[in-house]
Amino acid sequence: MADVETRFRAAIGRQNRAIVGGSMGGFGAVQLALRHPELFAFVGGLSSAIDVPRRPFSNQANRTTATPSVYCSDPGGRATQRDNDPFLLARAADPSKTPCLFLTCGEQEGLLPANRKVGRIASEPPV
């Protein structure tokens, strides 16, 4: 952000920032905006792979399946998974500080149920 804001005539500040991504980039955009709501006013996910931390990892070439934690840097990987899980981040978010959240998927996509679930969680009043 600092690079863009110093190199280009971009408006600075949270109120002028949005982050959007598709598929895996949508997952990244959503988790980043929910982890750092002070940075973004808007987050968009287009067919976001929002459930990545909850999926088993499958390597077809080696015919193996493992949880993503195997590939995380912390021992066991559980903290990394938890800290980046959009479901948990949405549930813990302060609605008064959360960026405007826009999620979209095609009606036939396998990603639709998970995106709808995060959208419902994000729109629920805090417990």
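Tabulated results
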quantity	calculated
Listed peptides 22-28, 78-84 by packing density, highest first (mean Cβ within 10 Å)	22-28, 78-84
Charge context of residue 5, other residues only, Cβ under 13 angstrom, K/R +1, D/E -1	+3
Radius 11 Å from Cβ of residue 103, net charge of other residues (Lys, Arg +1; Asp, Glu -1)	+3
Efficiency of FRET from Cβ geometry, residue 112 and residue 11, R₀ 22 Å, rounded to 0.05	0.05
Heavy-atom SASA rank of 42, 87, 8 (probe 1.4 Å, accessible area, largest first)	8, 42, 87
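The values are calculated or read from the model by the stated rules, or taken from the named source; none is laboratory data. As the structure is a prediction and not an experimental result, all values here were calculated from the model. In this analysis, Cβ positions are derived from the backbone assuming ideal geometry, glycine residues included, and neighbour counts consider all displayed protein chains. To get the accessible areas, we keep the full protein, side chains included, count just its heavy atoms, and leave off ligands, DNA and RNA. Shrake-Rupley method; radii C 1.70, N 1.55, O 1.52, S 1.80 Å.
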